[in-house]
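Written below as structure tokens is the structure these notes are about.
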Amino acid sequence: MEHGISAGQQVALVWDSHSSPEALQSLVQKIQAVVGAEGGVSVENLNQLLKSSYKESQFDVLLSGLVPGSLTVHSAEILAEMARIVKPGGRILLKEVVTTTEAGNNRKLKTVTKLSTALTLSGLVEVKELQKEPLASEQTQSIQERLGFQGNDVLSVQMEGRKPNFEVGSSSQLKLSFAKKPAQSEKLAVDPAAAKLWTLSANDMDDDTDLLDSDELLDPEDLKKPDPASLRAPSCRESGKKKACKNCTCGLAEELEQERKSSQPKSACGNCYLGDAFRCASCPYRGMPAFKPGEKILLNENNLHDA
């Protein structure tokens with residue numbers, strides 16, 4: 001059989017309204033003679049395929065548009081339905097009218113490239129072009145009238161695709177082999193000969209070998225304690241800057257903290273030692289007895305905070 005059909009197969013034959021009844025009957029008889037009693041042939045109109053009740057994965061081979069005189073144009077829905085009712089590994093052979101120009105003035109006609117892409121998107125694999133045939137003048141006129149196509153750049157192309165050897169949604173367990181990871185406590189074996197190359201003992205050195213004392217590598221300048229001021233960052237040395245950097249490590253933060261704790265407030269009017277009658281309203285010594293000039297008076301933290 002020219003379409004690759006063998007005995008015992010289930011074949012679906014799809015025809016359209018332009019197919020000749022005599023040619024359709026002749027093709028059905030040829031297929032039945034090949035598949036024999038163990039096989040079968042189902043004939044369906046293209047426009048009724050989406051309304052049919054065919055089971056999933058029912059046919060070994062599906063033929064569409066191959067009846068002489070057919071002018072079939074397959075939509076994406078039709079191609080998806082064809083792929084659904086074909087068995088895994090089954091074949092779809094179809095013939096469709098295409099245009100030879102990429103920018104056709106009718107979107108209903110595909111190019112050969114777009115037809116191949118449409119078959120792939122429907123779920124088929126191993127999509128290939130088998131042959132091309134020019135259309136007769138009456139067939140071209142029929143396409144122009146039916147689809148409103150303006151132009152003569154049309155021809156008929158026969159394509160073939162195969163359904164993958166699995167169903168949509170099927171699953172299979174993967175056999176994965178994971179290498180055993182060594183335990184953390186295990187140590188890698190080291191070649192003794194290789195380890196010896198990196199081992200140095202007193203016996204490996206000659207008597208004339210001079211060993212350096214690490215203390216002799218230090219100069220007197222290296223042993224001196226550095227000046228804390230020299231360790232400060234350049235920003236700490238700016239004139240008039242009395243603020244330590246964030247995360248200060250040069251000692252300026254501790255120095256400023258010590259100055260803050262040890263510093264005592266200075267009198268603005270000079271009368272603080274005379275008593276409350278002579279002190280300002282904001283004087284930190286208010287409430288304290290008079291004291292001798294120059295006497296050191298310590299204020300607690302509460303007094304400083306109130307001041």
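The values are calculated or read from the model by the stated rules, or taken from the named source; none is laboratory data. On a predicted model such as this, the values are computed, not experimentally measured, just so you know. We place every Cβ from the backbone using ideal geometry, glycine too, and count neighbours over all the protein chains shown.
Please verify whether Thr113 is without any contact (Cβ under 8 Å) to a residue 24 or more places away in the chain, in a helix (DSSP H, G or I) and surrounded by 15 or more Cβ atoms within 10 Å (Cβ to Cβ), treating the condition exactly as stated. Taking the combined requirement at face value, the residue does not satisfy it. Under the condition of being in contact with a helix residue (DSSP H, G or I) (Cβ under 8 Å, 6 or more places away or on another chain) and under 20 Å from Val35 (Cβ atoms), the residues counted in segment 66-91 number 3.
Of the residues Glu129, Glu96, the single one that is surrounded by fewer than 14 Cβ atoms within 10 Å (Cβ to Cβ) and under 16 Å from Leu66 (Cβ atoms) is Glu129.
Table: residues versus (1) over 40 Å from the mean Cα position of the chain (by Cα); (2) closer than 22 Å to Gln131 by Cα; (3) in contact (Cβ under 8 Å) with a residue 60 or more places away in the chain; (4) assigned to a strand (DSSP E or B).
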position: Val43; (1), (2), (3), (4): yes, no, no, yes
position: Leu49; (1), (2), (3), (4): no, no, no, no
position: Ser57; (1), (2), (3), (4): no, no, yes, no
position: Val61; (1), (2), (3), (4): no, yes, no, yes
position: Val67; (1), (2), (3), (4): yes, yes, no, no
position: Thr72; (1), (2), (3), (4): yes, yes, no, no
position: Leu79; (1), (2), (3), (4): no, yes, no, no
position: Met82; (1), (2), (3), (4): no, yes, yes, no
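The set of residues in segment 1-39 that are outside any loop (DSSP other than H, G, I, E, B) and in contact with a helix residue (DSSP H, G or I) (Cβ under 8 Å, 6 or more places away or on another chain) comprises Gln10, Val11, Ala12, Leu13, Val14, Trp15.
Of Glu145, Glu133, Glu138, all but one fail to be among the charged types (D, E, K, R) and outside any helix (DSSP H, G or I); the exception is Glu133. Ser262 meets the conditions (1) of a type in the set (S, T, N, Q); (2) modelled with pLDDT under 70; (3) within 59 Å of the chain's Cα centre (by Cα) in every case but one. The failed one is (3).
Looking only at residues in segment 113-140 that are more than 15 Å from Thr99 (Cβ to Cβ) and among the polar types (S, T, N, Q), the one that is modelled with the lowest pLDDT is Ser137. Per the conditions (1) assigned to a helix (DSSP H, G or I); (2) surrounded by fewer than 17 Cβ atoms within 10 Å (Cβ to Cβ); (3) aliphatic (A, V, I, L, M), the sole criterion not satisfied by Leu119 is (2).
From the list Lys51, Lys55, exactly one residue is loosely packed, with under 11 Cβ neighbours inside 10 Å, closer than 20 Å to Arg162 by Cβ and either of a type outside the set (Ser, Thr, Tyr) or modelled with pLDDT of 90 or more (or both). Which is it? Talk me through it step by step, then tell me what you get.
Working: Lys51 fails: closer than 20 Å to Arg162 by Cβ.
Within the list Lys51, Lys55, the selection yields Lys55.
The residue pairs whose first member lies in segment 88-102 and is over 28 Å from Gln141 (Cα atoms), whose second member is assigned to a strand (DSSP E or B) and aromatic (Phe, Trp, Tyr), and whose beta carbons are closer than 8 Å, counting only pairs six or more residues apart or on different chains, are Gly90/Phe59. The residues in segment 1-58 that are among the aromatic types (Phe, Trp, Tyr) and within 19 Å of Ser70 (Cα to Cα) can be counted, and the count is 1.
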